[in-house]
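The next block holds one structure in the form of C-alpha cells; read it before the comments.
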Amino acid sequence: MLGNILSYLGKEEEMTVMELFSLTDRVAVVTGGAGKLGSQMCDALAEAGAHVVVASRNLANCQRKAAALSELHAEAFAVQADVTEPDQVQSMTDAVRDKFGRIDVLVNNAYSGAGAGVPFEDLTLEYWEAAAQGALHSTFLCSQAASKVMKKQNGGVIVNIASFYGVISPDHRIYGESGINNPPEYGAVKAGIIQFTRWLATYLAPNNIRVNSIAPGGFYNEEFTDRPDYEEVFVSGYNHRTPLGRMGNDTDLKGTVVFLGSDASAWTTGQNLVVDGGWTAW
C-alpha cells in the first residue's frame, strides 16, 4: 500500500546505494561487446548482476566473451549481428527477447568507420558515409528495435556511446606521425549521437525509458604501440594535455555504464556524461 502511494506521488520506497546500483537479473545488450570499450562495459554490467548479451559481427569473439562472463557472473549470451543492417538488428532483438523475455538495458557501443589518418583534402564521401552508417545509423536502428520491447514492459534504459570529440575538436598537434589522426566524420557522427540521445530521451520519457550518452576520452590502445610517434608523441602529448595526466584504461567506463544502466540514475535522462580525465575542462 505504502509503495503504491509513494509511486503515485512520484516517490520510490527507499533503496540502499547497493540496491540502486544493482542490475541483478536484468538483461543488458552491448553492441560491439567484444571490443576494447565494449568488453569492459560487459564486465561491469555482469559484475552488477545483469545477464549480458554480447553482440558483434564476429561471432567467435562474442562467444569467447560470453563464456568468460558466464563462468564468473550471471548467464551471458552471444549474438552475431551487423548492426548497420536492419534485418540483422531485428533478428538480434528477437533472439534476446526469445532467450530472456525482455531487454532492460541497451548499450549502443558498436562503431565501424574508415578514414583515420587520411588528410581532409583526400577524404571521400564513402569515408563519410561509412562513419554515419557505422555509428549514427546503427544507434538509430538498435534504439528503435529495443524501444519497442521496452515499451511493452513499461521501461528500460538506452546508453549511447558518443565521444568527447562529439563535443570538442581534436588537438591535431598531439598526433605527430602516428597515422591515427582523428578524422572529421568521426566527430560529426558522435555529435549526432549526442543530439539523437537528447531527442530520444524526451520522446521515450512517457514510456519510462531513459536515454543518456557517454562521451569517452582517449583510451590507451596496445595495438598502436608499433606505430611511429604513438608513445613518444601521441601518448605523451595526450597525457600532458589531460588534467588527470593519463589516457583511459580498462576500468574507466565501468562505473559510468552501471550508473546509467541502473536505478542509481533513475532521474537522469537526455544527458551526455563526459568521461575524459578532465580534457574538456580546460
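Taking the criterion of being outside any helix (DSSP H, G or I), polar (S, T, N, Q), buried (at least 17 other Cβ atoms within 10 Å of the Cβ) and at pLDDT 95 or above, would at least one residue in segment 210-218 satisfy it? Scanning segment 210-218, I find at least one residue that is outside any helix (DSSP H, G or I), polar (S, T, N, Q), buried (at least 17 other Cβ atoms within 10 Å of the Cβ) and at pLDDT 95 or above, so the answer is yes. Reported count of residues in segment 25-37, each being outside any strand (DSSP E or B) and either touching a helix residue (DSSP H, G or I) at 6+ places or on another chain (Cβ under 6 Å) or surrounded by 24 or more Cβ atoms within 10 Å (Cβ to Cβ) (or both), is 3.
Condition check ((1) surrounded by 15 or more Cβ atoms within 10 Å (Cβ to Cβ); (2) closer than 30 Å to residue 148 by Cα; (3) among the hydrophobic types (A, V, I, L, M, F, W, C)) across all residues:
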| site | (1), (2), (3) |
| --- | --- |
| 226 | no, no, no |
| 256 | yes, yes, no |
| 266 | no, yes, yes |
| 269 | yes, yes, no |
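Output yes when any residue across segment 225-235 is at pLDDT 95 or above and either of a type in the set (Gly, Ala, Ser) or in a helix (DSSP H, G or I) (or both), and no when none is. Scanning segment 225-235, I find no residue that is at pLDDT 95 or above and either of a type in the set (Gly, Ala, Ser) or in a helix (DSSP H, G or I) (or both), so the answer is no. In contact with a Lys or Arg (Cβ under 9 Å, 6 or more places away or on another chain) and under 15 Å from residue 193 (Cα atoms), is that true of residue 136? Yes, satisfied. Is at least one residue of segment 159-174 buried (at least 16 other Cβ atoms within 10 Å of the Cβ), touching a residue at least 12 places away in the same chain (Cβ under 8 Å), in contact with a strand residue (DSSP E or B) (Cβ under 9 Å, 6 or more places away or on another chain) and among the aromatic types (Phe, Trp, Tyr)? Yes, that holds for at least one residue. Would you check if residue 246 is charged (D, E, K, R), under 20 Å from the mean Cα position of the chain (by Cα) and either part of a strand (DSSP E or B) or at negative phi (or both)? So residue 246 does not fit the description; no.
If the condition is being hydroxyl-bearing (Ser, Thr, Tyr) and within 20 Å of residue 187 (Cβ to Cβ), then segment 221-238 contributes only 238. Scanning segment 46-101 for residues that are hydroxyl-bearing (Ser, Thr, Tyr) and either under 21 Å from residue 144 (Cβ atoms) or buried (at least 23 other Cβ atoms within 10 Å of the Cβ) (or both) returns 56, 84, 91, 93. Only one entry of 156, 187, 192 meets the criterion of being within 21 Å of residue 270 (Cα to Cα) and either among the acidic types (Asp, Glu) or buried (at least 21 other Cβ atoms within 10 Å of the Cβ) (or both), and that entry is 156.
The values are calculated or read from the model by the stated rules, or taken from the named source; none is laboratory data. Computed from a predicted model, the values in this text were never measured in an experiment. Using ideal geometry, Cβ is built from the backbone for each residue, glycine included, and neighbour counts are taken over all protein chains shown.
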